[in-house]
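Structure first, then comments.
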Amino acid sequence: MTAPTSADVLLWVLCAAIVVMAARRAWPFIRQLVHVVDLLTELPNRLEEIEGRFDDQDEKLDQIGERLDGQDDKLDEIQHEVTNNDGSSLKDSVDRTEAALAEHLEWAKTDTDAVAGRLARIEAQLLNGDIDQN
């Protein structure tokens with residue numbers, strides 16, 4: 001082998017400088033590429049974690065659905081009781097009670113008017129002396 005000449009050394013230094021400059025310019029890209037590769041290797045684990053979260057959410061949604069079904073049943077019962085139907089609801093019972101009360105009040109008013117009229121006649125007879133006060 002022959003000893004390198006100064007042109008050879010200069011050529012080697014120039015090539016090394018070009019490689020260093022190219023590596024320096026490419027370094028951000030290389031760093032980003034390594035980051036992307038790291039993310040891609042973590043992706044299966046992340047997907048399993050996310051699927052586990054969705055499984056938990058599915059269970060919670062099922063529980064909420066069951067609670068809503070129970071509440072719908074209760075609301076149906078309440079609606080049945082507060083609307084007129086075949087006579088068995090609370091609303092029907094209130095209507096019957098109000099009608100009976102109105103009938104009794106009318107009877108009491110009529111009876112009170114009759115008693116007041118009789119009392120007025122008795123007072124008039126007492127004042128006229130038609131009735132013995134003893």
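We did not get these values from a lab; they are worked out from the coordinates using the rules stated. Bear in mind that the values here come from a model prediction, so they are computed numbers and not experimental data. Reconstructed Cβ throughout: ideal geometry from the backbone, glycine too, with neighbour counts over all protein chains shown.
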Estimated FRET transfer efficiency (LEU68, LEU47; beta-carbon r; R0 41 Å; 0.05): 0.85
From DSSP H assignment alone, runs of 4+ in the chain each adding -39500 (n - 2.57), the sum over residues rounded to the nearest 500 puts [θ] at 222 nm at -32500 deg cm²/dmol
Quote the Stokes-Einstein diffusion coefficient, in whole µm² s⁻¹, for region 87-134, based on the Kirkwood radius over alpha carbon pairs, a temperature of 20 °C and a viscosity of 1.002 mPa s. 158 µm²/s
Rounded to the nearest Å, what's the spacing between the alpha carbon centres of region 10-56 and region 73-134? Just the number, please. 93 Å
Put +1 on the Cβ of every Lys and Arg and -1 on every Asp and Glu Cβ in the chain; which of ILE78, ALA124, THR110 then has its Cα farthest towards the positive end of the dipole? ILE78
How big is the dipole moment of region 18-134 about its Cα centre under a simple scheme where the beta carbon of each Lys and Arg is +1, that of each Asp and Glu is -1, and everything else is neutral? Debye, nearest 20, please. 1260 debye
Just GLN71, GLN79, GLN32 to compare: in a GNM of the chain, with alpha carbon springs under 10 Å, which one fluctuates most? GLN32
Where Rh is the Kirkwood radius over Cα pairs, Rg/Rh for the chain: 1.90
Relative to the longest principal Cα axis of the chain, at what angle does helix 90-128 sit, 0 to 90 degrees, rounded to 10? 30 degrees
For region 1-97, with the dipole built from +1 on Lys and Arg beta-carbon atoms and -1 on Asp and Glu ones, taken about the Cα centre, which of GLN32, TRP12, GLY52 lies farthest toward the positive end? TRP12
Using 0.36 nm per residue of separation minus the Cα-Cα distance, give me the extension gain between ASP130 and SER6 in nm, one decimal. 28.4 nm
